[in-house]
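Only the coordinates and a few stated rules stand behind these numbers; no lab work does. All values reported here derive from a predicted model rather than from experimental measurement. For neighbour counting, all protein chains shown are included, and Cβ atoms are generated from backbone atoms with ideal geometry for every residue, glycine included.
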């Protein structure tokens, strides 16, 4: 298998690659990063094979607060047009959707905690999410959602949010939820964004969130499955 050069975009210190870094290490793939909270230097398209876009508490429309957002969206769009494999998680999925011309906006409900997602018929047929147990609980932390980009196919939904996962042009994946989450990253998100944990229909308390750490191994395995699938270059 070819050694991949994976570049990732990180927006805040407490939302890093999580278990994706473990996968890349085991596979022998190289990692490089643009950490926007430190610098805004972006690589040339020729310098990487995959682009992974991580989460963060900001919105794709917060360009007045984060002046690097327009350049980031243009970079994502250029990577997609260049035929790179692009994977977005939470904010990353929203940035991909926005880069493809879809609208991103506040969801009717915030969704924070462990809630099930349901594979669509297409998602189950392709088994992209390793959905042999469906529905399955995943970790969410988002207040925004997005319209499905033109040409994209929906892979999963939840009760609170229609567009939970999509694939575009065989090589671009958007996940609204966090397959990559680790116990450490759970604690980090609660520490830095805990003021959002106002218990509601789809918002759990910190205690409840941390009480379901047994799900982490399962969602990490699903992340590994998806990465293996994309690494294999299979037709999706």
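In summary, the convex hull built on the alpha carbon positions of region 5-231 has an orientation-averaged projected area of 11.3 nm². Based on C-alpha pairs under 8 angstrom that are at least 6 apart in sequence, region 58-196 has a relative contact order of 26 percent.
Modelled this way, with points 7 Å down the Cα-to-C-beta line, the labels at residue 150 and residue 25 are 4.4 nm from one another. A Förster radius of 22 Å combined with the Cβ-Cβ distance from residue 109 to residue 192 puts the calculated FRET efficiency at roughly 0.50.
Placing a pseudo-label 7 Å from each Cα along the Cα-to-Cβ vector at residue 45 and residue 5 gives an inter-label distance of 1.4 nm.
Estimated from helices alone, the mean residue ellipticity of the chain at 222 nm is -8500 deg cm²/dmol (sum of -39500 (n - 2.57) over DSSP H runs with n ≥ 4, per residue).
What FRET efficiency, computed as 1/(1 + (r/R0)^6) with R0 = 25 Å and r the Cβ-Cβ distance, is obtained for residue 221 and residue 170, rounded to the nearest 0.05? The calculated FRET efficiency here is 0.60. Once you treat every alpha carbon in region 1-107 as an equal point and sum by Debye, what is log10 I(q)/I(0) at q = 0.22, 0.23 Å⁻¹? The computed values of log10 I(q)/I(0) come out as -1.27, -1.38.
Panel order for 122, 168, 8, by other beta carbons found within 10 Å of each beta carbon, from fewest to most: 122, 168, 8. Once the C-beta distance of residue 214 and residue 38 is scaled by a Förster radius of 41 Å, the resulting FRET efficiency is 0.75 to the nearest 0.05.
Given the Cα atoms of region 66-168, and with Rh set as the inverse mean 1/r over their pairs in the Kirkwood sense, what is Rg to Rh to two decimals? Over the Cα atoms of region 66-168, Rg/Rh equals 0.97.
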